[in-house]
Each structure stands twice: as C-alpha cells, then as structure tokens.
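Reading through the structure tokens given below for one structure.
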Amino acid sequence: MTISGETRAGRAGLTGDYGSTATTSAAGAEGEGEEELVGLPMPRRPHTLTDLSRRTRVRRERTPRFPFPIPNGWFIVAAASELEPGRTKSLFYFGKDLVLFRGTDGTPHLLDAYCPHLGANLGVGGRVVDGSLQCPFHGWRFDGGSGACVEVPYDDIDYIPKTATARAYPTVERNHMIWAWHHLERKEPTYEVPDVPEFHDPDWLPIVVKDFEVATCCQEMAENNVDTPHFKYVHGTPAIPEEEFSTDGHYKRAVGMDGNFVREGFGLGLGVLRVKGYTTFVSSTTPIDEENVHVRWIFTSPRSLGEQAAERASRSFTDGISQDLPIWENKIYKDPPVLRPSEKAVTEQRRWCQQFYSYPDGTGRR
C-alpha cells in the first residue's frame, strides 16, 4: 500500500514515536481566537507548538508530577549544523548547565559547564584548543573526550589530581544531529544510535526538522503510542487503531496498517518511524529537567512525492501533536493507574521503561 498526501496520512491515524496525528474538527486552527478549549476531540492548535504563551496551562500544584528521575539514554543536544569547528555552545539539559564544543578536527564534545578548579562556566569565554576546552578564568584545559584536566599553564608541578575533571558525556554525530549519552550513574552506553539511510539517500528529500518544548517527561510522551483509545477521543479517529507491540531489551517495535507502518524505539526518548511510501522520521525527546523535554522530529520523504512532501508530512504529525499538548501539560502520572483489560499495553510499556532509570540511593524508586 502506498500513502501520499497530508489528508490521507491524517485519516490513517499515524503515530510518531512520541506523538500522533489524526483528523479533527477545525476549532482552534491557527489564526483563530483563543476560544474556550473543548475536547472530544481536542482542537488542533499548531501555533501552540512554538508559542508557549498561547498554551493552556492550569495546573498549580507544586508537588513533583513524576516518580522517576531523568532517564538514561541517547538524546539530541544540537543539530550538527549549529556548531562549527572551534566553537562552543551553552546548553541546559538533564537538569544541568552544559557546554558543547567542536574540536578543531570537527569532533563534538559535551562537558558539564563548570570548571572543577573554581567554578567558572567553561561556555562563557572558553577557548577550543585542538580537542580540549580552555577555561577563561585561569587557563586550565580539559580534554573533550574524558573531561580530564590536561594542562595548568602557570604551574610547574606535573601532577594533576583526578578530581580536576569536568564530567564528559559520550557524543556521536549521526542523522544530521549531535547526540549525547546521559546516564545518572555515569555508565557507558549500552546501545547505539541507529543510522537512518534515507537521510543520505539522493532519492529522498533533504530533512525537515521540527522542534518544540513540552512540560512533561519522556515516559509520558512514549506512553501515548500504546494508549490506543486516546486516538479516538483526543484525535478524533473513527476507530481505535490496532498494532502489534513487542519489546526486546532496550528495543521496542510496533507494526500496524498491514505492515506499512513500523515504529522502532531505541531506549526511552529515541525512535524511528517509517510509513511506507510516505515518510521516515526520527524522534528525540531530550530531558531538559525532570518535568520538561525538548522534542526534535527529523523528517524526510521520497522525492517522487514532490519537493514539499517532507514538509507536508511534518505538518501532518506536528499539527496532530498540538492536540496532545493540553493533556500532557496539565495531567499527573497515576501510579498505579486504573486500567481496563484492553489497556494491558500501558502496563507492558511502563515495565519496559523501568530499565532506563537509575536510583543511586538503592531504593529502586524515587
């Protein structure tokens, strides 16, 4: 089966690894007034993806919403095109101030922002020297790969203590993005970022990137995919979609539409979705902190569908996700939830997610 066109994609009820799209009423379309938000289904409001001031946020309770820490995994921290060799970029992800830089050979590196010497921010005036970053305060240099101090320029003593180390995060440049490995216990990566060949295939269009922030966590967004009844009531699909869902270690896979829809998950926050003959896209949900994420979706489509095909596919999916925003940003995490027998995939998904959390205090739950 071949799928083409935004309308047919919407009617199919297609889902991204961390989102969804479906036909809805026209209420809340971009350019209309901010009328009272009424659901069943939720209105599409694509402008709210980028304009946070126009989102519906009514929750005022200050207690933490989620009973787990920032997950372990691979997450996008920048587009590859954002950073030239020898340049730095200050970031805030994983609840920490960070500094991303490219060595003069083009290799990306990510460090905790604060110098272990006297606490200067390495991203504010720091200088790239080969594959290291030099602190603007006293000139100490830190290796991008290990974070270890490799030079104290004004000191004649050769010995540098191991404590003179800035935390370094494993990084990889792939699929036109820079990815960093976060692990709460600083363990090494346990799986790889998959390479998506369509992004480098001349028969496929140049990528289209959509990014937005959401006041939620990785697990809540991922759970959307296995919560099939919500497609009918939030997105207005005529029926509840059916999918085959399976997991194997860090990997999960969902297949629908007679095999023409395949969604793969690699850890909690990284997914690859393919809709045959229509689009391929990568999704990354990067934790900003425990309750906020930065979502990036990278789309491509076959050139045979026309030069605007990837843009049309991206709009179909992102318009649909605008229906989820008011739900995610105003809900809490119910543990345990009250589920029906047909919703067992939610329990399976939550069980699968637990492997991506670390609890250094040994309690197993926070």
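The values are calculated or read from the model by the stated rules, or taken from the named source; none is laboratory data. Remember, predicted model here, so these are calculated numbers, not experimental data. Note that we place each Cβ from the backbone using ideal geometry, even for glycine, and neighbour counts take in every protein chain shown. These accessible areas exclude ligands, DNA and RNA; they are computed on the full protein's heavy atoms, side chains included. Shrake-Rupley method; radii C 1.70, N 1.55, O 1.52, S 1.80 Å.
Assess whether I321 counts as being free of Cβ contacts under 8 Å to residues at least 40 places away in the same chain and outside any strand (DSSP E or B).
Taking the combined requirement at face value, the residue does not satisfy it.
Could you count how many residues in region 248-265 are more than 20 Å from G277 (Cβ to Cβ) and surrounded by fewer than 16 Cβ atoms within 10 Å (Cβ to Cβ)?
3
Only one residue in G123, G131, G95, G119 is free of Cβ contacts under 8 Å to residues at least 12 places away in the same chain and open to solvent by less than 50 Å² (accessible area, probe 1.4 Å), so which one is that?
Working: G123 fails: free of Cβ contacts under 8 Å to residues at least 12 places away in the same chain; G131 fails: free of Cβ contacts under 8 Å to residues at least 12 places away in the same chain; G95 fails: free of Cβ contacts under 8 Å to residues at least 12 places away in the same chain.
Result: G119 is the single residue among G123, G131, G95, G119 that is free of Cβ contacts under 8 Å to residues at least 12 places away in the same chain and open to solvent by less than 50 Å² (accessible area, probe 1.4 Å).
Output the residue which, of all residues in region 244-262 that are without any contact (Cβ under 8 Å) to a residue 40 or more places away in the chain and acidic (D, E), is farthest from F356 (Cα to Cα).
So, considering only residues that are without any contact (Cβ under 8 Å) to a residue 40 or more places away in the chain and acidic (D, E), the one farthest from F356 (Cα to Cα) is E244.
Given the conditions (1) in contact (Cβ under 8 Å) with a residue 24 or more places away in the chain; (2) under 30 Å from P108 (Cα atoms); (3) assigned to a loop (DSSP other than H, G, I, E, B), and given that G265 satisfies all but one, which numbered condition is not satisfied?
Only one criterion in (1) in contact (Cβ under 8 Å) with a residue 24 or more places away in the chain; (2) under 30 Å from P108 (Cα atoms); (3) assigned to a loop (DSSP other than H, G, I, E, B) is unmet by G265, namely (3).
Please tell me if S90 is small (G, A, S), open to solvent by 20 Å² or more (accessible area, probe 1.4 Å), out of contact with any Gly (no Cβ under 6 Å at 6 or more places or on another chain) and on the phi < 0 side of the Ramachandran plot. Can you show your working first?
Details: small (G, A, S): yes; open to solvent by 20 Å² or more (accessible area, probe 1.4 Å): yes; out of contact with any Gly (no Cβ under 6 Å at 6 or more places or on another chain): no; on the phi < 0 side of the Ramachandran plot: yes.
Here the answer is no, as S90 does not meet what is asked.
Looking for something part of a helix (DSSP H, G or I), in contact with a Pro (Cβ under 7 Å, 6 or more places away or on another chain) and farther than 29 Å from E173 by Cβ - is there at least one such residue anywhere in region 231-242?
Among the residues of region 231-242, at least one is part of a helix (DSSP H, G or I), in contact with a Pro (Cβ under 7 Å, 6 or more places away or on another chain) and farther than 29 Å from E173 by Cβ, which makes the answer yes.
Of G31, G19, which residue is crowded, with 19+ Cβ neighbours inside 10 Å and either at pLDDT below 90 or of a type in the set (S, T, N, Q) (or both)?
Numbers: G31 fails: crowded, with 19+ Cβ neighbours inside 10 Å.
Criteria check complete, one pass: G19.
Condition check ((1) of a type in the set (D, E); (2) at pLDDT below 95; (3) touching a Pro at 6+ places or on another chain (Cβ under 9 Å); (4) outside any strand (DSSP E or B)) across all residues:
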position: R274; (1), (2), (3), (4): no, no, no, no
position: F281; (1), (2), (3), (4): no, no, no, no
position: T286; (1), (2), (3), (4): no, no, no, no
position: H294; (1), (2), (3), (4): no, no, yes, no
position: F299; (1), (2), (3), (4): no, no, no, no
position: R315; (1), (2), (3), (4): no, yes, yes, yes
position: D335; (1), (2), (3), (4): yes, yes, yes, yes
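Is at least one residue of region 177-191 closer than 22 Å to A313 by Cα and either hydrophobic (A, V, I, L, M, F, W, C) or open to solvent by 70 Å² or more (accessible area, probe 1.4 Å) (or both)?
yes
Would you mention how many residues in region 184-230 are out of contact with any Gly (no Cβ under 8 Å at 6 or more places or on another chain) and part of a loop (DSSP other than H, G, I, E, B)?
23
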